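Remarks on the structure that follows.
Values in this text are rule-based calculations from the coordinates and carry no lab data. What you see is a predicted model, and the numbers here were worked out from it, not measured in a lab. Cβ placement follows ideal geometry from the backbone for every residue including glycine, while neighbour counts extend to all protein chains displayed.
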Amino acid sequence: MKKVGIIVCMLVLLIPLKVQAAAITSANMSLVGEQTEGTYFNANFNISFSGLNKNSENSDGIYLVAFELSFDDTVLDITGITSTYWDSIVYKEGSNYYVLSMADETLDNKCVDNFLACSNYYATLEFFVKETDKAETNITLTQVGAGVFKVDMESLEYWMENMQEIEYNPNQTQKVKINKSQAPVARNSKTSIIETQKPAINNATIQEKVENTNKNTPSDIPEETQPVEQSSNNYLKDLSIKNYKIKFTKEKQNYTITIPKKIKSLEVTATPEDEKATYEITGADNLKENDTIKIIVTAENKEKRTYVINVKKETGKENNTTAVVTKLNQVALIIGGTVTVIIILAMIISYYQKRQLTKWIENQKR
């Protein structure tokens, strides 16, 4: 292992920086502005990065984050810190306070190396308001820094001299108004978490964290698993309606049937062509005079296909078709009979008239 000296992890010192792919794009502090003596309150910190790609071997990754705070410690005291997926400490140097967080092995948004962070940073500091004569005080976020490594997929080892520093100067101040307490100020059991010794990070510290991270992971990081292609088959293999016939083909999506007016529901059966597909039948109950039944088939990849059955109900007139035909037949018979009678009568009259005419002619000859 290469010999590397201990470095101070106060990353917010004003030192020349190299241009890196990773950069800090914003750093924000938020808190409730009015507090009372003897109470606790939280200040939230959000640091955003650019240039991180957790799925790329050519990305930068974040190993540690540090930021500097300035506040009046005769009025406020830091009593707790929460920064999920980061190992964090708070320490004091001179009149300033520093928060240092290193990515831990439980990080849920790691780079592809399974160690460095490829995500933004969040932390919550808890403050206690001491008894004071001041009506207000300030908390200032002065500088933010981060330690960046190039993702190492070959050895999964990192050395301090390869870590680059990036920084950001938000110079953001939040004012806290203080109300006097009507009761003696109580601190409960919480005490200050401030460290007085500046932490030092070296190769041993980093390698220990790498080893802890890789205890439950394979020694060789496999190539990114390609997602299994899901079926897009959303066809039906069969579609039937009890007591009714339709000429079903899987490509045809619209069908029409006519049912008696009294029928209120239909029993529809469907079978997907792909066993991984699912289907849903809607509209088969409480059928109205003109209604539709839909069979929605969803493929494994969530693509949908809808088959539609248009349902028409017979009207009262259509129900009496036979009676109407019978009536028409009866009318036709009556008309036909009447015409026949008229023809016969005409023939009789014609015959009678012809006979009378012949008789008259004979009488004239005599």
Taking Glu303, Glu34 and counting other C-beta atoms within 10 Å, the order from fewest to most: Glu34, Glu303
Centroid-to-centroid separation of the range 84-151 and the range 247-295 [C-alpha atoms, Å]: 61
Heads up, the range 236-317 by the C-alpha gyration tensor (a ≥ b ≥ c square roots of eigenvalues; a/c under 1.5 rounded, else a/b over b/c prolate, else oblate) looks prolate
Net charge, Ser192 excluded, C-beta distance under 12 Å - Lys, Arg +1, Asp, Glu -1: 0
With a/c under 1.5 counting as rounded, go ahead and sort the range 7-216 into rounded, prolate or oblate using the C-alpha gyration tensor (a ≥ b ≥ c being the square roots of the eigenvalues; past the cut-off, prolate if a/b is larger than b/c, else oblate). prolate
Packing-based exposure ordering (other Cβ within 10 Å, fewest first) of Leu125, Leu116: Leu125, Leu116
Quick one: Karplus J couplings for the range 256-269, per residue in order, coefficients 6.51, -1.76, 1.60, θ = phi - 60°, nearest Hz, x for Gly and Pro? 9, 9, 10, 10, x, 4, 6, 6, 9, 8, 10, 9, 9, 10
Could you derive backbone 3J(HN,Hα) for the range 68-77 from the dihedral phi with the Karplus parameters 6.51, -1.76 and 1.60 (θ = phi - 60°), listing whole Hz in sequence and x where the residue is Gly or Pro? 10, 10, 10, 7, 7, 7, 7, 10, 10, 9
